[in-house]
Each structure stands twice: as structure tokens, then as C-alpha cells.
Amino acid sequence: KIGVADEATTLLHGRDCLKAIHDTIDSMFKGGKSAAASTEGLNRIFVSEDEASEGVKFIDLFVKLELANSKKEARRLIQGGGAKLGEEKIADENAVLNKDSFGGANEVTLRAGKKRAGVVELQ
């Protein structure tokens, strides 16, 4: 399976980005749950300081990161316990991402289930 995925990735993105993708997979999905895990190969969106001050709904972020196809799907993901901010479950479907959510870092990882993730970066 990995060989086929590597070939498809090479055709779509080029061989240069393959190493970054392998590093991301190794650090995030093969037991490497450290805070220093590489997020280079993950989908990424940016949130301004103003947006973070006001708070951005997690539901909107999951849709923007393409971790959910609709707000309804994002709500179901949260209600089912499959939505996480880092390693912490998001329990409230009306919860928002704010400056405090970043904990002093400039990016956070949102997870949809075990294998899909994306990054929200503070600008």
C-alpha cells in the first residue's frame, strides 16, 4: 500500500515533497505523539490575531481544513468524540478556537479521527 501511495504522491506533488510527507506520517501516526511532531505535510490554514481574539468556531475550521465536508458533518464528528485539538477531545460543538487555545505556540493541530489532521496557524 505504501508503494502505491508513494507513486501517487510523486505523480501529484513531485518526489521532492515525499520525504516531508513521510516525516509527518512517522511523527504523527506511528506512535510519535510529541508536541514537536512535524506538521509540514498537513493541510494548513491561517487565523489572524483579530480572529483569534474573537474566537473561531471549530466547526468552521474543520470545514476549511477539509476534515469535514460540511458543518453538519463537523458537528457529528464533535458529538461522536472524533474531533480533537491536539490530543484533547473537543466536546462542545459551539466551542471556539481562541488565543488561549494556542498555549503560547503559533500553531495547533486539529484531528478528525485517528488518521486525518490539519494545522491552524496564528498570523
Between Asp23 and Lys99, what is the label-point separation in nm under the 7 Å Cα-to-beta-carbon projection? 3.1 nm
Work out the charge dipole of the stretch 79-118 with +1 on the Cβ of Lys and Arg and -1 on the Cβ of Asp and Glu about the Cα centre, then indicate which of Gly103, Ala91, Gly118 is farthest towards its positive end. Gly118
With a 1.4 angstrom probe the carbon and sulfur portion of accessible area for the chain, in percent, totals 50 percent
If I ignore ligands, DNA and RNA and count only protein heavy atoms, how much of Leu77 is accessible to a 1.4 Å probe, in Å² to the nearest 10? 30 Å²
Sticking with the crude label model, points 7 Å out along Cα→Cβ, report the distance from Gln123 to Thr9 in nm, one decimal please. 2.7 nm
How much solvent-accessible surface does Glu88 expose, in Å² to the nearest 10, with a 1.4 Å probe and all protein chains in place? 130 Å²
Quick check: from the Cα gyration tensor, does the chain come out rounded (a/c under 1.5), prolate or oblate? prolate
Please report the antiparallel percentage of the DSSP beta bridges confined to the chain, to the nearest 5. 70 percent
Any residue on another chain or 5+ positions along whose placed amide H is under 5 Å from the amide H of Lys57 is listed here as Leu97
Rank Gly81, Gly104, Gly41 by mean-square fluctuation in a GNM of the chain with C-alpha springs under 10 angstrom and give only the top-ranked residue. Gly104
A chain fully extended from Asp92 to Asn106 at 0.36 nm per residue, minus the present Cα-Cα distance, gains in nm 2.7 nm
Computed magnitude of the charge dipole of the chain (debye, nearest 20; Cβ of K, R +1, Cβ of D, E -1): 660 debye
Computed helical MRE - 222 nm, the chain, DSSP H runs ≥ 4 contributing -39500 (n - 2.57), nearest 500: -10500 deg cm²/dmol
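The values are calculated or read from the model by the stated rules, or taken from the named source; none is laboratory data. For clarity, every value in this text was computed on a predicted model and none was experimentally measured. Backbone-built Cβ (ideal geometry, glycine too); neighbour counts: all protein chains shown. These area figures cover heavy atoms from the full protein model, side chains too; ligands, DNA and RNA do not enter into them. Shrake-Rupley method; radii C 1.70, N 1.55, O 1.52, S 1.80 Å.
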